1. Does at least one position in the stretch 78-88 carry a residue that is at pLDDT below 95 and more than 22 Å from PRO179 (Cβ to Cβ)?
2. Does ILE150 satisfy being among the aliphatic types (A, V, I, L, M), crowded, with 17+ Cβ neighbours inside 10 Å, under 17 Å from PHE62 (Cβ atoms) and modelled with pLDDT of 90 or more?
3. So which residues in the stretch 128-179 are assigned to a helix (DSSP H, G or I), within 26 Å of GLY27 (Cβ to Cβ) and either of a type in the set (D, E, K, R) or in contact (Cβ under 8 Å) with a residue 12 or more places away in the chain (or both), if there are any at all?
4. Filter the stretch 42-66 for residues that are open to solvent by 30 Å² or more (accessible area, probe 1.4 Å) and farther than 16 Å from GLY99 by Cα and give the result.
5. Provide a single number: the residues in the stretch 154-174 that are open to solvent by less than 70 Å² (accessible area, probe 1.4 Å), more than 23 Å from GLU110 (Cβ to Cβ), out of contact with any Phe, Trp or Tyr (no Cβ under 7 Å at 6 or more places or on another chain) and of a type outside the set (A, V, I, L, M, F, W, C).
6. Please tell me if GLY124 is open to solvent by 10 Å² or more (accessible area, probe 1.4 Å), assigned to a strand (DSSP E or B) and at pLDDT below 95.
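The values are calculated or read from the model by the stated rules, or taken from the named source; none is laboratory data. Model, not experiment: these values are computed from the prediction. Cβ atoms come from the backbone with ideal geometry, glycine included; neighbour counts cover every protein chain shown. Side chains included, ligands, DNA and RNA excluded: accessible areas come from the protein's heavy atoms. Shrake-Rupley method; radii C 1.70, N 1.55, O 1.52, S 1.80 Å.
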Amino acid sequence: VETQIRDQQRLPQLTLVYLLDRSGSMGISSPRGIPHIDLAKEAIIRSIGLLQDTDRVAITSFDAQAYWIANFQQVNDGRELQRLVASLRSGGGTSIMAGMQLVASTIIEEPSELKHIILLTDGGASPNGLIELTRDLNNAANVTTSVISIGSGSPNFLQQMADAGQGNFHGITDTDNIPNIFAQETVLATRS
C-alpha cells in the first residue's frame, strides 16, 4: 500500500511559512526539560518531512525585529533547510507585527494555490494591527493563518488572528506537543 499521490498535476502546490517567536521567553524549558525554541526547531523539521518536493517553504523568526532564516524556496533540499533551522537561538523582545509584515510583503507574490502561515508564539506582544493584517492577507491572497500559542493565559487577539486568517488556533500548556501540532497543521494545509 502506498500513500503518496503519484499524479503531481492533481496535487496543488502549497507555500508554507513558519513564523517563529524567538524571544528570550522561548528559552524556557518544557516539562521534559527541552527549551521551547528547540521544540519549535524539531517541529519544523518534522513538518518539512511531510511536504512534497514541489511545495514551497519559508522560515521566519522574530524578536523585536523580524529575520529570514530561509527565504521562499522549494522543499527539494531538506538537509539545507534543517541546517538553517538548527541555527535558531532565543533572545530579545517580541514583535509579532514585525514578523507578519515581513511575511506579508512577499507571500502574496507566491505562485502556489495554497498559502499557509503557522505562527508559534507565547503571545507577549502588542496586538495592534495584527488581526487586520491577517484578515487582509486572507482576503487579498487567500493566505490562511494558524496560531499556536504557548501558555495557559493566551491573549485573546491570537484566537482572533486565527479566525481572521481562517486557520486554526491551538492554545497549548504542554509544550512537548508542539511538534505534533505542527505536523497536524501541515497535513491539514496540504489537504485544503
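1. As a first pass, look at the stretch 78-88 and keep what is at pLDDT below 95: 78-88.
Cutting the leftovers down to more than 22 Å from PRO179 (Cβ to Cβ) gives us none.
Scanning the stretch 78-88, I find no residue that is at pLDDT below 95 and more than 22 Å from PRO179 (Cβ to Cβ), so the answer is no.
2. Values: among the aliphatic types (A, V, I, L, M): yes; crowded, with 17+ Cβ neighbours inside 10 Å: yes; under 17 Å from PHE62 (Cβ atoms): yes; modelled with pLDDT of 90 or more: no.
No.
3. Residues of the stretch 128-179 that are assigned to a helix (DSSP H, G or I), as a first pass: 130-141, 156-164, 175-179.
Now narrow it down to the ones that are within 26 Å of GLY27 (Cβ to Cβ): 130, 156-159, 161-162, 175-179.
The answer is LEU130, PHE157, LEU158, GLN159, MET161, ALA162, THR175, ASP176, ILE178, PRO179.
4. GLU42, ILE45, ARG46, GLY49, LEU50, GLN52, ASP53, THR54, ARG56
5. Going residue by residue through the stretch 154-174, those that are open to solvent by less than 70 Å² (accessible area, probe 1.4 Å) are 154-155, 157-159, 161-162, 164-165, 167-172, 174.
Keeping just the survivors that are more than 23 Å from GLU110 (Cβ to Cβ) gives 154-155, 157-159, 169-172, 174.
From what is left, the residues that are out of contact with any Phe, Trp or Tyr (no Cβ under 7 Å at 6 or more places or on another chain) are 154-155, 157, 169-172, 174.
Next cut, of a type outside the set (A, V, I, L, M, F, W, C) only: 154-155, 170-171, 174.
Number of matching residues: 5.
6. No.
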